[in-house]
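The structure follows.
Throughout, read-outs are computed from the coordinates displayed, never taken from laboratory work. Since the model is a prediction, treat every value here as computed from it, not as a measurement. Neighbour counts are summed over all protein chains in view; Cβ atoms, including those assigned to glycine, are modelled from backbone coordinates with ideal geometry.
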Amino acid sequence: MSQPAKVLIVDDEELIRLNLRMLLEDLGYCVVEAADGREGLDVFDREGPDLILADLRMPVMDGLSMIAGLQEKSTETPIIVVSGTGTVQNAVDSLRLGAWDYVIKPVEDARAFEVVIERTLEKARLMKENRLYREHLEELVRERTEELRKTLDELKLRHQEVSRLKDMLADDNRYLFVELWSASGDEIIGSDFGLKAVMEMVQQVAPLNSPVLLLGETGTGKEVIANAIHYSSPRKDGPFIKVNCGAIPETLLDSELFGHEKGAFTGAVSQRRGRFERADKGTIFLDEIGELPLQAQVRLLHVIQKREIERVGGTNSIPVDVRIISATHRNLGEMIASGRFREDLWFRLNVFPIILPPLRQRKEDIPSLLSHFISRKSIELGVSTPPTVAPGALERLMNYNWPGNVRELENLVEREVIRHRSGRLMFDSLLPAGKETITLDRREGAHERNPLKLDEVISLHISNVLRMTKGKVHGPGGAAELLGIKANTLRARMDKLGIKYGRNK
């Protein structure tokens, strides 16, 4: 039985340390503590923890100085900053110095905090395995090189072996790097609302090896769902290889998918493994499967049936154990009818189809998606204080049809953050002037002779926003954030106006 991971808590507040200790011990972790940065460095040297949770503001030595001291030790131990000073600048400074993540205290969502810890430990484990694997191969290269010096007769043969191992090392390191970043996963916004049915199907099929076909318009998040299936499956420790079938020239498809031997064609200066071979014991994601030429479809069908590949220019069959997830925005039924897609391949791929709804059919997710993208784009663009959403802007987004789906919303948010770094996000470029609709109160707004009182207008607007957020007041995507006020202020205003919420319902 493996030993539980050891977590070092560094915080000058005893109550915070106690609360974190109780939470972590309930999750099965071993916990050690320190009251400031200097003591944290001493405990680190003595205990050798697997993870460090550190505050920023502490006496004797603050959190940033401690992080810098840990980096001087060249440690691989991950650091998560847990601080009450929740500014973008603090997050940027701590991440720049070597912290892996940043969490605002007090920790209110225990489950989300647990996920952050699990993902961080998993990423650290993968990085350690990658380093050990690299050191192992480098040691193997050194041993083989020493053997080559023994006799001149074996020099050429041994040198080729060393070169092959070096190429494999470089090749695997590139894909392991991609795998490490994929392990942190993309947050699936809407899993409790518009994508609830999709996520239920993901949970059903993820533990199996059955092929999955993801259907949906461009920009609906098919790659995110493919990631979720792989990293929720027993194959999560294996590779996850992505292939954009529409981005590879037809003349290079066989080489990319199945690999080639040295000298198989002009420019093939060394042996190269294909995507299917790299995906062995893992998952291969064939995006835009509808773009595959018919000849490539025939070869793909053979691989699915025989579970083996043959490199270009090779004569040996290589068995592969691969789970296939494919995706397309095209109507494969129409393509089959017109002879552009093989029906027998469709039968093989369409074992478990999942249809992703377009954003216009799950508009209840727009407030949460908007909050998520504003936070992420602010960090990416170096905006210290994320801008707020102007009154009426959310309604404009809710009324838009979103032909480009979630990807279009993400790009729009990035554009607006660039345009309004220190102001409010208007999204006024979304619709042509004169085509926006005012929906605060369609029935009463037309009655110019009987105008509403100010409190009535405010009450109607708050009620509209609460409907958009499904009654959520506090937190990301909540009514308070969208209205640009504090949650307590909003609740006080709702009490005054007689709007029911939470326990007052």
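Normalised by the number of residues in the stretch 312-412, what is the relative contact order in percent for Cα pairs under 8 Å and 6+ residues apart?
25 percent
Give me the Å³ per residue figure for the convex hull around the C-alpha atoms of the stretch 1-90.
101 Å³
Under a point-charge model restricted to the Cβ atoms of Lys and Arg (+1) and Asp and Glu (-1), what is the dipole moment magnitude of the chain relative to its Cα centre, in debye to the nearest 20?
1480 debye
Could you list the GluC sites (Glu not before Pro) in the stretch 79-142 that lie in coil according to DSSP, counting only those with at most 14 other Cβ atoms within 10 Å of their Cβ?
Qualifying residues, ordered by number: Glu108.
Is there a pair in Lys363/Lys486; Lys105/Lys472; Lys377/Lys496; Lys222/Lys377 whose C-alpha atoms are over 28 Å apart, and which pairs would that be?
Correct reply: Lys377/Lys496.
Oh, and also: Hey, any idea what Rg/Rh is for the chain, computing Rh the Kirkwood way over Cα pairs?
Result for the chain is an Rg/Rh of 1.03.
Per 5 Å bin from zero, what fraction in whole % of the C-alpha pairs of the stretch 265-407 is there, up to the bin with the longest pair?
Bin by bin from 0 Å, the calculated values are 2, 7, 13, 14, 11, 11, 10, 10, 10, 7, 4, 1, 0, 0.
Follow-up. Defining a contact as two alpha carbons under 8 Å apart and six or more residues distant in sequence, what relative contact order in percent does the chain show?
Relative contact order, the chain: 10 percent.
Hey, got a sec? Which GluC sites (Glu not before Pro) in the stretch 40-104 land in a DSSP loop and have at most 11 other Cβ atoms within 10 Å?
Answer in residue order: Glu76.
Something else: In terms of the Cα gyration tensor, with a ≥ b ≥ c the square roots of its eigenvalues, is the stretch 59-127 rounded because a/c is under 1.5, prolate because a/b exceeds b/c, or oblate?
Oblate, because a/c is 1.5 or more while a/b does not exceed b/c.
Mean residue ellipticity at 222 nm from the helices of the chain, using -39,500 (n - 2.57) per DSSP H segment of n ≥ 4 over the full residue count, to the nearest 500 deg cm²/dmol?
Calculated at 222 nm, the ellipticity per residue is -15000 deg cm²/dmol.
What list of ³J(HN,Hα) values in whole Hz, one per residue of the stretch 26-33 in order, does the Karplus curve 6.51 cos²θ - 1.76 cosθ + 1.60 (θ = phi - 60°) give from phi, with Gly and Pro shown as x?
Going residue by residue, I get 5, 7, x, 8, 8, 10, 10, 10 Hz, with x marking Gly and Pro.
Take every Cα pair under 8 Å in the stretch 40-121 that's 6+ residues apart, average their separations, divide by the length, and report that relative contact order as a whole percent.
29 percent
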